[in-house]
Each structure stands twice: as structure tokens, then as C-alpha cells.
Amino acid sequence: MPIKYRRFENFQLWQTKVGSDSYAQESEGLCLLGESEVFRLRGITNPRRKREYILSRALIRYALSQVFSYPVDYWILTECSNAPPSVKNLPTPVFFSLSHSDSNIYFVLAKRPIGIDVELIKPRDNIHALAQQFMHANELIQLEEAADELFFYRTWSAKEAYFKALTPEVQASMVMSEVLIASVLNEEAWYQVDFSDQQFSRVVVARR
């Protein structure tokens, strides 16, 4: 499993990809899954998504082992509804987030709340209808002016990453179309790291 690692000022990032060279790690990762993980895996029918799921849990365990110097079979992951898994036996509290798209898997870890979102950039006939669901009125104007798919995807990823960094209580009351993400990121409390390109939007949003 070729894993790419990057250390930023306030967080760490690991990346891997499902492919012909990841079968061994998937097999090892499958053996490490806990009861709730196995239950969730059984509910995934798409073969590629099954592989993504197994490899994503292997990546989480690998990253945690790199940070805390415990073996990969030490970690107890428990699936949570509509949320990333919880880790029951962290030595010290940390925040983390997971995202995957088109077989690429990303995991970030920090001492402060953090979220990551990755989206494959592809042509969409319904881009404006989708934008209405999550974009602020000002962002919709910018989308019309930009006429750019990259703006759509970068805004989508920034908002998703911000959402992931929030507590479940705040998430429950949040209306995405009422959030102007540029204003949020101009505040002192939050910052983003955007490493998008023409193929993927990739955005991390974290608490300062």
C-alpha cells in the first residue's frame, strides 16, 4: 500500500489509493476490523467501495500507529452513524477526519477540530441545481460569474470539510446554504488548506 505522508504546521495528512498494489494491505486490514466495522462492510455491495472501506480503516490504523507508536492491531474502531469511526483507546485526545473519492483515500489528524473533503472533478449537467442545495446566495452569484466547475467543487469541499470539523450538535442545526464559507474562513477561528488541482478538489478546514 503506497502511502503518501505530509506534515503541515498544525496537522498531518496520509493518503493512499485502492489499486493492484493494495490487495495485501486490504487483506491485512480486513483481519483487523472490529464487529461494527464488519457489520458496516457487509452492507456495502459495490466491490470498489468495499475495497475503499477496508483500506480506509487500514490507513487510519497505520496513521495512528505512526503517531502513537502502537501496533496496528491495537486500535479499537467503532462505527458511528453518519460520522467517522470513533477510536476507543486513543492514548491522548486528537481530532481526525477521513475522505475518499475515486479510490483515493485521505486521512488527517490534528490537536484541534479538523475536517477534510476530496471530490473528483467531473462534468455535471445539474451543477446549478446541486449548487442551490448547499451554496449561499453570494456563492451562487460567484458561480455564475466564474462559470467554472473548479469553483463549484472547491466551495463544495470547503463546506464539507468545515461541516466535518464541527461537533454533532452544531452539525444538526447547520443549514449549509446559509453559510458563506469565505466569511467563516476570514474569521480568526478557522483556516483552510486547499490543494486542489484540475482532477480533484481537496480542502482541509481546521480550527486555529
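Observations
- Filter pass, residue 86 being in contact (Cβ under 8 Å) with a residue 60 or more places away in the chain, within 25 Å of residue 193 (Cα to Cα) and not aliphatic (A, V, I, L, M): no
- Among (1) crowded, with 18+ Cβ neighbours inside 10 Å; (2) within 22 Å of residue 206 (Cα to Cα), the one test that residue 82 misses: (1)
- Where a residue in region 46-75 is in the same structural domain as residue 28 (by TED's automatic domain parsing) and its partner, wherever it lies, is modelled with pLDDT under 95 and part of a helix (DSSP H, G or I), with Cβ under 6 Å and at least six apart: 58/25
- Inspection of region 144-155 identifies no residue that is more than 25 Å from residue 11 (Cβ to Cβ), β-branched (Val, Ile, Thr) and more than 14 Å from the chain's Cα centre (by Cα).
- Filter result for residue 145 (assigned to a helix (DSSP H, G or I) and either assigned by TED's automatic domain parsing to the domain that holds residue 63 or at pLDDT 95 or above (or both)): no
- Test: residue 139 is farther than 15 Å from residue 190 by Cβ, surrounded by fewer than 18 Cβ atoms within 10 Å (Cβ to Cβ), outside the structural domain of residue 15 (by TED's automatic domain parsing) and acidic (Asp, Glu): no
- Output for region 34-53, where each listed residue is in contact with a strand residue (DSSP E or B) (Cβ under 8 Å, 6 or more places away or on another chain) and not charged (D, E, K, R): 34, 36, 39
- Test: residue in region 106-122 that is without any contact (Cβ under 8 Å) to a residue 40 or more places away in the chain and either farther than 25 Å from residue 38 by Cβ or not assigned by TED's automatic domain parsing to the domain that holds residue 153 (or both): yes
- Of all residues in region 161-208, exactly one satisfies the criterion of being touching a residue at least 60 places away in the same chain (Cβ under 8 Å), assigned to a helix (DSSP H, G or I) and touching a helix residue (DSSP H, G or I) at 6+ places or on another chain (Cβ under 9 Å), namely 164.
- Evaluating residue 129 against the criteria (1) part of a strand (DSSP E or B); (2) at pLDDT below 95 leaves one unmet condition, (1).
- Filter result for residue 108 (surrounded by 12 or more Cβ atoms within 10 Å (Cβ to Cβ), of a type outside the set (D, E, K, R) and touching a Gly at 6+ places or on another chain (Cβ under 9 Å)): yes
The values are calculated or read from the model by the stated rules, or taken from the named source; none is laboratory data. What you are looking at is a predicted structure, and each value in this text was computed from that prediction instead of being measured. Ideal geometry is used to build each Cβ from the backbone, glycine not excepted, and the neighbour counts take in all protein chains shown.
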